[in-house]
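Notes follow once the structure below has been shown.
The values are calculated or read from the model by the stated rules, or taken from the named source; none is laboratory data. Model, not experiment: these values are computed from the prediction. In this analysis, Cβ positions are derived from the backbone assuming ideal geometry, glycine residues included, and neighbour counts consider all displayed protein chains. These area figures cover heavy atoms from the full protein model, side chains too; ligands, DNA and RNA do not enter into them. Shrake-Rupley method; radii C 1.70, N 1.55, O 1.52, S 1.80 Å.
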Amino acid sequence: MKIVQIAFRNLWRHPKRTLFIASLVVVGSLFINITISILDGASKGMETSLVGSLTGHLALGAPGEESYGLFGSEIPIVSDYESIPPIDGVKEIFSALENIPGISSYTSIVSCIANVSLPGFAQKSVVFGVDPATYFSVLKDIEILWGDPAELERGGVFINEQLAKRAESQINRSLTRGDVLVAAVASRGSFRLRSFQLAGVYRYKAPSEALDRIVLADPTLVRSLVNYTLGNKINTEDVIPAAPSTKQYTTQLTIQPDSLDDLFSTEQDIVASNERGVSLDSVEAELKDTKVRDDLVATDAAAWSFILIRKNEQSSLSRIKSDLKRMLQKNNLEVRVLDWYTAAGSNALMLFALKAGFNVGVLFLIAGALMMLINSLTISVLERTGEIGTMRALGAQRLYIIQLIFIEILVLSLGSALIGVILSGVVLNIMSNVGIAFKNPLLIGLFGGSILRPQLSSNFVFIFLLGIVAATIFASIYPIHLAVTVSPREAINESEG
Amino acid sequence: MRVKDEMKHMKKNMFTIVIAGVLSVSLFAETKSPFDATVYKTMLKRVDDALSIMDTDVSAEYVIQKRDPGGAISTTKSTVFRRDAKNQFLVLILEPVIDKGKGYLKIGDNLWLYDPVGKTFTFTSAKERFQNSSFRNSDFEPSRLARDYQPLSAERVKLGAYDCTLLELEAITKDAPYPKMKIWVSDDNLVRKREEYSLSGAIMRTIAIPSYQKLEKKWLPASMVIIDHLQSKNVGGKIEYERTTVTISKPSLKVLPDTVYTKEYLERVAR
């Protein structure tokens with residue numbers, strides 16, 4: 001106990017030095033606590049903007065060669081639209097999900113990218129065919145402004161508030177229930193068009209550019225758009241072989257650009273007969289029989305692109321994930337389990353990159369502050385070389401000196417860090433009451449809303465104080481080493497000189 | 001005396017050489033006379049006249065085969081009805097069977113796509129690729145070279161069996177499908193080969209039309225080979241381009257009812 005008293009007295013004896021180091025730690029503590037609280041807000045915000053509005057906590061999707069999330073392929077060059085494969089064994093998965101503890105709800109979606117238009121307005125959108133009975137209970141951060149979600153099963157479409165505003169400003173009128181929107185998908189040398197009737201408008205709690213592109217629609221029509229049809233499973237070449245007339249030019253398909261001129265080695269012009277030409281009647285007759293096509297375009301009512309899972313608040317995500325993987329393996333189901341940030345694809349990656357940038361900046365600042373602390377402590381020990389030498393000459397053991405210096409440093413840094421925590425609590429409380437407003441859509445997405453109200457987490461304060469103790473130990477190694485390696489005679493001589 | 005005669009003879013020769021030189025220079029100067037764009041603009045008009053059919057409708061069957069770099073082949077069979085005088089065309093897809101009844105309808109400057117399964121129309125650009133092949137929607141339109149392009153240079157070249165004029169063209173209207181173009185026009189006013197370039201001069205498509213078919217006094221391509229330089233892939237260490245062949249058969253110049261070029265007809269015929 002005596003040693004603690006001496007440590008306090010030593011700190012008190014050098015008020016300027018003590019105040020300098022203490023203020024350094026207070027400022028560092030203040031900065032770290034405020035920054036981490038804001039970054040914590042970003043983490044929670046991303047969860048709000050993506051988990052509660054887009055992905056759920058986990059998503060299940062079919063395995064594929066290309067990596068893809070809810071918005072499709074992450075390789076933009078692949079094609080304008082490379083369709084997402086449907087999940088196999090959806091019914092088995094649904095029944096198995098009921099038996100996995102910790103899952104509060106789940107829903108399924110069909111996803112595709114389509115050009116959505118109405119007269120005078122067009123936008124490339126992500127169209128989700130959703131099951132209205134479960135979708136809004138899994139994604140609780142979606143607020144319906146008007147409309148009946150049940151119409152999503154009757155050819156209806158819900159668009160988000162931001163998209164509705166943009167459309168209304170371009171068409172110079174308000175959108176009304178029943179307005180027809182056309183979704184067009186161009187894929188693999190063909191196109192598919194489907195009409196939807198506007199059934200409602202919804203709002204995301206934390207709108208962002210990525211979320212604003214989403215349109216919720218009738219799942220059957222979206223399956224038809226994305227080609228979850230019988231035709232998708234059958235090779236159409238087997239159904240109707242290529243016409244014989246088409247085969248004569250197949251050799252030209254392998255021609256190289258530099259040998260194109262060889263095609264002109266002989267004159268090949270011909271005289272055609274007007275009498276043997278196509279007629280309207282023959283074309284109309286050929287188009288009358290559409291049975292094969294109608295069979296091929298019949299949608300697969302059980303096909304879904306993703307299953308979105310929401311966990312109970314208290315359940316462990318990693319536990320649910322491992323249970324899911326075990327269940328899928330047991331049932332021989334080839335399904336990918338995607339974390340919410342993988343399911344959100346590049347949208348989440350962008351937010352993660354921004355957050356990582358923040359984190360790296362903070363790490364640099366913490367490292368700088370630590371260096372300054374070590375420096376100040378080392379100087380303070382060097383200034384006391386004579387005093388330490390005298391103590392050693394009077395019989396103080398090395399261990400005693402180590403304990404004394406360590407207690408001094410610990411009291412100084414922990415005490416100052418606590419003051420910093422209290423001050424940051426006060427500052428964050430003020431910030432939380434006032435609120436930090438954002439206008440930038442990227443920041444709104446990052447922080448999960450247009451107003452940030454950061455809170456100091458008690459968990460983080462505990463970890464921070466533990467970190468301060470660890471930093472103190474680390475920072476005191478060199479000064480202590482200096483103090484104990486000085487011989488008493490040397491130290492006294494130095495102080496006299 | 002003999003020397004004098006020789007001198008006289010030499011002077012005469014020199015005079016002849018000078019006259020011959022002057023004549024040849026003036027002749028040479030004539031062949032290198034400034035490029036006269038109006039001459040070649042007239043040639044473009046003759047090409048447009050040969051390939052555009054203004055007094056009736058044109059109907060034909062188009063088979064478009066596309067080979068992706070790497071080998072996958074897809075085939076589209078369609079019937080095309082064209083009325084050049086009113087800038088209208090209707091394309092009805094017959095094959096592949098899953099696309100049967102899909103249609104492209106051009107009325108004036110508007111190009112509509114129709115999907116009979118969704119019973120839905122949408123609007124698209126004429127510059128888009130037709131069924132994702134190297135053939136473009138604008139390739140169904142009549143030739144409008146004289147309206148859209150200005151000749152920049154011309155030279156006589158040989159293209160296989162054909163004597164051709166190679167014209168370098170630059171777009172002068174916003175409707176021109178490509179900013180720059182090189183065309184090989186044979187002496188019968190038919191475009192045998194075409195190279196299309198971007199504004200920066202990068203080659204985008206090469207089109208060879210080795211065979212035409214004569215229908216009364218007008219001409220229609222019988223086969224075309226298109227190489228898309230923008231769609232390429234390295235296959236076994238060699239760059240392969242997307243290639244599309246177009247075979248046009250069963251042409252007809254019978255007059256069609258006006259109702260053919262309407263959305264109502266498309267909805268009725270393609271159920």
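Scanning region B:33-48 for residues that are modelled with pLDDT of 90 or more and out of contact with any strand residue (DSSP E or B) (no Cβ under 9 Å at 6 or more places or on another chain) returns B:Thr42, B:Lys45, B:Asp48. Counting only residues that are outside any loop (DSSP other than H, G, I, E, B) and more than 7 Å from chain B (Cβ to nearest Cβ), region A:263-293 holds 6 of them.
Take A:Thr390 and tell me if it is in contact (Cβ under 8 Å) with a residue 40 or more places away in the chain, farther than 15 Å from A:Ser476 by Cα and assigned to a helix (DSSP H, G or I).
Numbers: in contact (Cβ under 8 Å) with a residue 40 or more places away in the chain: yes; farther than 15 Å from A:Ser476 by Cα: yes; assigned to a helix (DSSP H, G or I): yes.
The answer is yes for A:Thr390.
Of all residues in region B:255-271, those satisfying the criterion of being within 7 Å of another protein chain (Cβ to nearest Cβ) and assigned to a loop (DSSP other than H, G, I, E, B) are B:Leu256, B:Ala270, B:Arg271.
Matching residues to (1) in a loop (DSSP other than H, G, I, E, B); (2) open to solvent by 40 Å² or more (accessible area, probe 1.4 Å); (3) more than 7 Å from chain B (Cβ to nearest Cβ); (4) modelled with pLDDT of 85 or more:
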| residue | (1), (2), (3), (4) |
| --- | --- |
| A:Pro241 | yes, yes, yes, no |
| A:Ser245 | no, yes, no, no |
| A:Gln252 | no, no, no, no |
| A:Ser259 | no, no, yes, no |
| A:Asp295 | no, yes, yes, no |
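Checking region A:399-406 against the condition returns a match, with at least one residue being open to solvent by less than 60 Å² (accessible area, probe 1.4 Å), in contact with a Lys or Arg (Cβ under 8 Å, 6 or more places away or on another chain) and in a helix (DSSP H, G or I).
For (1) open to solvent by 80 Å² or more (accessible area, probe 1.4 Å); (2) touching a Pro at 6+ places or on another chain (Cβ under 7 Å); (3) within 30 Å of A:Ser53 (Cβ to Cβ); (4) assigned to a helix (DSSP H, G or I), each residue gets a yes or a no:
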| position | (1), (2), (3), (4) |
| --- | --- |
| A:Leu349 | yes, no, yes, yes |
| A:Lys355 | no, no, yes, yes |
| A:Glu408 | no, no, no, yes |
| A:Ile422 | yes, no, no, yes |
| A:Gly425 | no, no, no, yes |
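Every listed requirement among (1) assigned to a loop (DSSP other than H, G, I, E, B); (2) open to solvent by 40 Å² or more (accessible area, probe 1.4 Å); (3) modelled with pLDDT under 90 is met by B:Asp188 save one, (3). For region B:77-106, the set of residues classified as among the β-branched types (Val, Ile, Thr) and more than 7 Å from chain A (Cβ to nearest Cβ) consists of B:Val80, B:Val91, B:Ile93, listed by residue number.
Of the residues B:Phe28, B:Phe15, the single one that is closer than 29 Å to B:Leu169 by Cα, among the aromatic types (Phe, Trp, Tyr), modelled with pLDDT under 90 and loosely packed, with under 11 Cβ neighbours inside 10 Å is B:Phe28.
The single condition among (1) closer than 30 Å to B:Ile203 by Cα; (2) at pLDDT below 80; (3) polar (S, T, N, Q) that A:Asn274 does not meet is (1).
Looking across region B:107-124, the residues that are more than 8 Å from chain A (Cβ to nearest Cβ) and either open to solvent by less than 10 Å² (accessible area, probe 1.4 Å) or touching a residue at least 60 places away in the same chain (Cβ under 8 Å) (or both) come down to B:Ile107, B:Leu111, B:Trp112. Can you name the residue in region A:269-321 that is closer than 30 Å to A:Val335 by Cα and of a type in the set (Val, Ile, Thr) and, of all such residues, is nearest to the chain's Cα centre (by Cα)? Within region A:269-321, the match that is nearest to the chain's Cα centre (by Cα) is A:Ile309.
The condition (being under 21 Å from the mean Cα position of the chain (by Cα) and hydrophobic (A, V, I, L, M, F, W, C)) is satisfied by just one residue among B:Val91, B:Val97: B:Val91. Scanning region B:205-224 for residues being out of contact with any Pro (no Cβ under 7 Å at 6 or more places or on another chain) and either more than 18 Å from B:Lys250 (Cβ to Cβ) or not in a strand (DSSP E or B) (or both) gives a total of 6. Scanning region A:201-230 for residues that are open to solvent by less than 30 Å² (accessible area, probe 1.4 Å), touching an Asp or Glu at 6+ places or on another chain (Cβ under 8 Å) and of a type outside the set (Phe, Trp, Tyr) gives A:Val201, A:Ala206, A:Asp218, A:Pro219, A:Arg223, A:Thr229.
Please go through region A:188-211 and pick out each residue that is closer than 30 Å to A:Leu443 by Cβ and without any contact (Cβ under 8 Å) to a residue 60 or more places away in the chain. Within region A:188-211, A:Gly200, A:Val201 meet the criteria.
One residue is enough: does region A:443-455 have a residue meeting the conditions of a type in the set (S, T, N, Q), under 41 Å from the mean Cα position of the chain (by Cα) and crowded, with 22+ Cβ neighbours inside 10 Å? No, because not a single residue in region A:443-455 is of a type in the set (S, T, N, Q), under 41 Å from the mean Cα position of the chain (by Cα) and crowded, with 22+ Cβ neighbours inside 10 Å. In this structure, B:Val91 does not qualify as in contact with a Ser or Thr (Cβ under 8 Å, 6 or more places away or on another chain) and open to solvent by 30 Å² or more (accessible area, probe 1.4 Å).
Somewhere in region B:192-214, is a residue crowded, with 17+ Cβ neighbours inside 10 Å, at the interface with another protein chain (Cβ under 10 Å from one of its Cβ atoms), in contact with a Phe, Trp or Tyr (Cβ under 7 Å, 6 or more places away or on another chain) and hydrophobic (A, V, I, L, M, F, W, C)? No: zero hits. Here A:Ala417, A:Ala437 are screened, and the one residue that is of a type in the set (Gly, Ala, Ser) and buried (at least 16 other Cβ atoms within 10 Å of the Cβ) is A:Ala417.
Name the single residue, out of those in region B:138-159 being within 14 Å of chain A (Cβ to nearest Cβ) and surrounded by fewer than 19 Cβ atoms within 10 Å (Cβ to Cβ), that is farthest from B:Ala37 (Cα to Cα).
B:Lys158
Considering only residues in region A:181-196 that are modelled with pLDDT under 90 and of a type in the set (D, E, K, R), the one that is nearest to B:Lys100 (Cα to Cα) turns out to be A:Arg192. Here A:Leu324 fits the description: under 25 Å from A:Tyr228 (Cβ atoms), in contact (Cβ under 8 Å) with a residue 40 or more places away in the chain and not hydroxyl-bearing (Ser, Thr, Tyr). Meeting the requirement of 1 or more residues that are open to solvent by 30 Å² or more (accessible area, probe 1.4 Å) and either under 23 Å from A:Val226 (Cβ atoms) or free of Cβ contacts under 8 Å to residues at least 40 places away in the same chain (or both), the strands (runs of 3 or more DSSP E) wholly within region A:111-187 are A:121-130, A:180-187. Just to check your reading of the model, which residue among A:Gly89, A:Gly64, A:Gly69 is crowded, with 18+ Cβ neighbours inside 10 Å and either of a type outside the set (Phe, Trp, Tyr) or at pLDDT below 85 (or both)? Sole residue among the options that is crowded, with 18+ Cβ neighbours inside 10 Å and either of a type outside the set (Phe, Trp, Tyr) or at pLDDT below 85 (or both): A:Gly69. Restricting to region B:227-239, count the residues that are facing chain A (nearest Cβ under 9 Å) and open to solvent by less than 30 Å² (accessible area, probe 1.4 Å). Residues meeting the conditions: 1.
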